[in-house]
Amino acid sequence: MPEHPAIIAGWARDAAAFREVVPPRVQPYGSSPRQAMDIFGLADAPVALFIHGGYWQKLDRSFFSHMARGLLAHGVAVAVLGYDLCPQVTLREIVAQCRAACAALPGPALAFGHSAGGHLSAMLLAGGDVPAALPVSGVFDVTPLRHTTIGDALRLDAEEAHALSPLFMPAPAGRMHAVVGGAESGAFRGQTQAMAQAWGASAEELPGENHFTVIASLAEPDGALTRAALRLLA
């Protein structure tokens, strides 16, 4: 998408502006600088964990602070997660870092994330680290990425790609609602439908939204994704 650099730059501006108004508490959970969470909201509130995208190899938590705004308006604390990136670490290590972040929180009630973060949200649900997940435009089968430029940094062989694909895992006990933009590619829309069917979960397409605009409503107290998250938290 030719407009996506401008959208990402907008995320950075909106996130920085949000932090000026609502400064987060920074909570490390590991040894590297990226292994930290920006926590917005009261310490005794229910906690939702947001996991950013970037194909496990780009961006960081500073682009996504404003994604806490919607749930924060309803009294839900949001931890915006940072993690190390491929190829400096493996995809399996990123999953382990997300699990460590969950263990450092007081019982996260929901994992929600975009793109690669959707994949990681589903992995946390599959591992029993959270009781509910809201993956947005998630990558649930990473095997097609192996022979692409995106997959180069992941360095996955066929066995590891299969093992780290939520689509091939048993349905977990928790609840999931998978969301994708109605204007996204057939691959993203197909993976979302396949994932929901495999786990007996619900799925939804947001009309007219593409892969980069689809998460905008998380920043809105009455946004479609905020309402979906609240239903999972209820």
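A short reminder: the numbers here are calculations on the coordinates, not readings from a lab. Treat the numbers as computed from the prediction; the structure is a model and nothing was measured. Counting neighbours? That spans all protein chains shown, and the Cβs are built from the backbone with ideal geometry, glycine included.
Results, tabulated for the structure shown:
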{"item": "Per-pair calculated FRET efficiency, R0 = 35 Å: A96 and A17 via Cβ, rounded to 0.05", "result": "0.60"}
{"item": "Cβ-derived FRET efficiency at R0 45 Å, Q197 paired with V26, nearest 0.05", "result": "0.70"}
{"item": "Phi to ³J(HN,Hα) by Karplus 6.51 cos²θ - 1.76 cosθ + 1.60 over the stretch 226-234, Hz, x for Gly, Pro", "result": "4, 5, 5, 5, 5, 5, 5, 7, 5"}
{"item": "Principal axis dimensions, largest first and in whole angstrom, of the stretch 184-234 by Cα", "result": "29, 26, 13"}
{"item": "Most fluctuating residue given options G113, G82, G208, as computed from a GNM of the chain linking Cα atoms under 10 Å", "result": "G208"}
{"item": "Computed helical MRE - 222 nm, the chain, DSSP H runs ≥ 4 contributing -39500 (n - 2.57), nearest 500", "result": "-10000 deg cm²/dmol"}
{"item": "Debye intensity ratio I(q)/I(0), log10, the chain, q values 0.18 Å⁻¹ (C-alpha model)", "result": "-1.47"}
{"item": "Unit charges on C-beta of K, R, D, E only; dipole of the chain, Debye", "result": "300"}
{"item": "Under-5 Å amide H pairs with M176, H placed in peptide plane, nonlocal only", "result": "A133, S202"}
{"item": "Likely footprinting exposure, L120, L110, L230, fewest C-beta neighbours within 10 Å first", "result": "L230, L110, L120"}
{"item": "Calculated FRET value between R155 and D44, using beta carbons and R₀ = 41 Å, to 0.05", "result": "0.50"}
{"item": "Local electrostatic count, A228, Cβ distance below 14 Å [Lys/Arg +1, Asp/Glu -1]", "result": "-2"}
{"item": "Sequence of I8, I94 once ranked by neighbouring C-beta atoms within 10 Å, starting from the fewest", "result": "I8, I94"}
{"item": "Whole-number percent relative contact order across the chain, with pairs defined as alpha carbons under 8 Å at least 6 apart", "result": "18"}
{"item": "Selected from D84, D44, D60 as most flexible by GNM, with the chain as the system and alpha-carbon contacts under 10 Å", "result": "D44"}
{"item": "Simple label model, 7 Å out from Cα along Cβ direction - E204 to D222, nm", "result": "1.5"}
{"item": "L230 versus R146: modelled label distance in nm, points set 7 Å from Cα along the beta carbon direction", "result": "4.4"}
